[in-house]
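Here's the structure, in structure tokens; my notes come after.
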Amino acid sequence: MERFDVFIIGGGGTGSEIAFRLGERGGMRVGLAEHDRLGGECNHYGCVPTKVMLRSAKIAQLARTAQAFGVDVAGAVTVDLEAVRERARRVVADRSGEGTAPFERVGVEVFLQGARLVGPRRVELADGTTIEADHVVLATGTAATVPPIDGLADGPYWTNREAIWEAERIPSSLIVIGTGAIGIEFSQIYARFGARVTALEALPHVLPNEDEDAAASLVPAFEREGISLRPGLRMTRARHDGTSWTVELESGERIQGQELLRGRARRGGHRRGTATEELRGRAEGDLLRPRGRERRVHGIRGARRGPRRSDRRRAVRGERASAHRRRDRGARQDRRRRPHG
Ligand SMILES: Cc1cc2nc3c(=O)[nH]c(=O)nc-3n(C[C@H](O)[C@H](O)[C@H](O)COP(=O)(O)OP(=O)(O)OC[C@H]3O[C@@H](n4cnc5c(N)ncnc54)[C@H](O)[C@@H]3O)c2cc1C
């Protein structure tokens with residue numbers, strides 16, 4: 001049996017950050033398990049590749065509207081999806097191409113395999129190795145969920161992963177279900193790439209997690225680009241007939257699209273096999289969950305502490321806590337040199 005002071009399950013942005021901070025402090029044996037790719041969703045299937053796509057989308061849009069600025073761009077503007085992806089691959093590789101080396105430099109031991117919590121303070125790796133750790137950190141992220149719309153799960157819908165890496169072509173039309181940040185981001189990308197996009201939302205307004213007025217102020221900009229935003233709908237059925245999707249609304253209206261993207265609702269990755277559900281009660285106190293976006297390690301002796309309570313209260317009120325920002329500035333600069341930012 002291997003013994004660690006801290007063992008982290010999940011090598012995405014959160015797990016990596018915690019591992020680095022603990023590694024840099026020294027004095028502890030720190031281990032990290034990742035069963036897919038170091039850098040996680042953000043580096044490989046989220047923030048980074050979508051920003052590359054957004055940049056291409058912005059350039060395409062600029063080219064289309066160039067004449068208004070006195071610039072003549074001859075011919076129709078088209079987007080080569082594979083070339084966009086190739087650039088995304090390079091950018092992702094630049095950020096995480098070093099693999100385990102940056103972790104090893106700060107003394108963190110990395111296990112590129114799955115890990116399960118099998119008891120209080122006890123983890124089992126996919127190869128059968130048992131690990132005992134004073135602290136186990138679950139940083140297993142989230143996974144896209146399928147909304148309960150009859151027929152949706154039976155068809156070849158896209159999540160962020162397919163929309164980035166597996167789309168064979170730019171569809172002539174795209175239905176996006178969910179208008180959170182991810183749904184809106186892909187709506188704009190694919191609309192600017194040339195697809196006719198209809199974004200459907202069950203909640204009363206688009207960008208439902210944002211301030212209502214702020215979200216409303218963005219709507220005209222999206223609509224000017226041809227994105228049809230449809231909040232406050234009840235979707236009753238979705239069908240794929242082998243070539244395209246039809247989504248039926250409660251009103252009887254049918255919306256058609258060549259592809260369909262599930263843009264919202266993600267669920268904690270701990271449900272994907274870290275076996276925490278049944279252990280949650282028993283292991284209380286041994287499990288440390290990174291808190292929201294703070295990405296700090298609370299409760300591990302010697303690790304960097306989270307923001308002061310007063311800072312946190314101000315942050316909750318929506319004000320940026322300047323003291324907190326000052327303390328984090330140095331850490332952010334460091335992070336830019338790491339595989340995940
Ligand atoms: C399309 C898209 C765009 C986004 N854009 C932005 C953005 O612009 N800005 C922003 O701040 N955020 C953005 N996000 C959100 C961002 O990706 C997440 O906040 C971030 O990935 C969370 O990091 P994490 O480490 O908590 O989880 P994850 O990145 O999901 O990492 C969890 C890791 O745990 C691993 N894992 C899970 N279970 C196990 C196991 N049993 N054993 C071993 N390893 C395991 C997974 O393989 C994964 O690598 C975006 C997300 C998406 C989907």
| Can you tell me which residues in the stretch 113-144 are of a type in the set (Asp, Glu) and either in contact with a Lys or Arg (Cβ under 6 Å, 6 or more places away or on another chain) or within 9 Å of the ligand (Cβ to nearest atom) (or both)? | 124, 132
| Which condition breaks for residue 175 when tested against (1) more than 11 Å from the ligand (Cβ to nearest atom); (2) in a helix (DSSP H, G or I); (3) among the hydrophobic types (A, V, I, L, M, F, W, C)? | (2)
| said: Checking residue 128 against (1) touching a strand residue (DSSP E or B) at 6+ places or on another chain (Cβ under 9 Å); (2) in the same structural domain as residue 35 (by TED's automatic domain parsing), only one condition comes out false. Which one? | reply: (1)
| task | For the stretch 99-109, enumerate the residues that are within 15 Å of the ligand (Cβ to nearest atom) and farther than 19 Å from residue 27 by Cβ. | result | 99, 100
| query | Which residue out of 296, 267 is part of a strand (DSSP E or B), charged (D, E, K, R) and either modelled with pLDDT under 95 or closer than 30 Å to residue 15 by Cα (or both)? | reply | 267
| note | Just one listed residue, out of 212, 166, is more than 12 Å from the ligand (Cβ to nearest atom), touching a His at 6+ places or on another chain (Cβ under 8 Å) and not assigned by TED's automatic domain parsing to the domain that holds residue 17, and it is 212
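With the structure loaded, tell me whether residue 18 is within 7 Å of the ligand (Cβ to nearest atom) and either over 14 Å from the mean Cα position of the chain (by Cα) or not assigned by TED's automatic domain parsing to the domain that holds residue 115 (or both) or whether it fails that test.
Against the criterion (within 7 Å of the ligand (Cβ to nearest atom) and either over 14 Å from the mean Cα position of the chain (by Cα) or not assigned by TED's automatic domain parsing to the domain that holds residue 115 (or both)), residue 18 does not qualify.
The values are calculated or read from the model by the stated rules, or taken from the named source; none is laboratory data. Here the structure is a predicted model, which is why all the values come from computation and not from measurement. Here the Cβ is made from the backbone with ideal geometry for all residues, glycine too, and neighbour counts use every protein chain on show.
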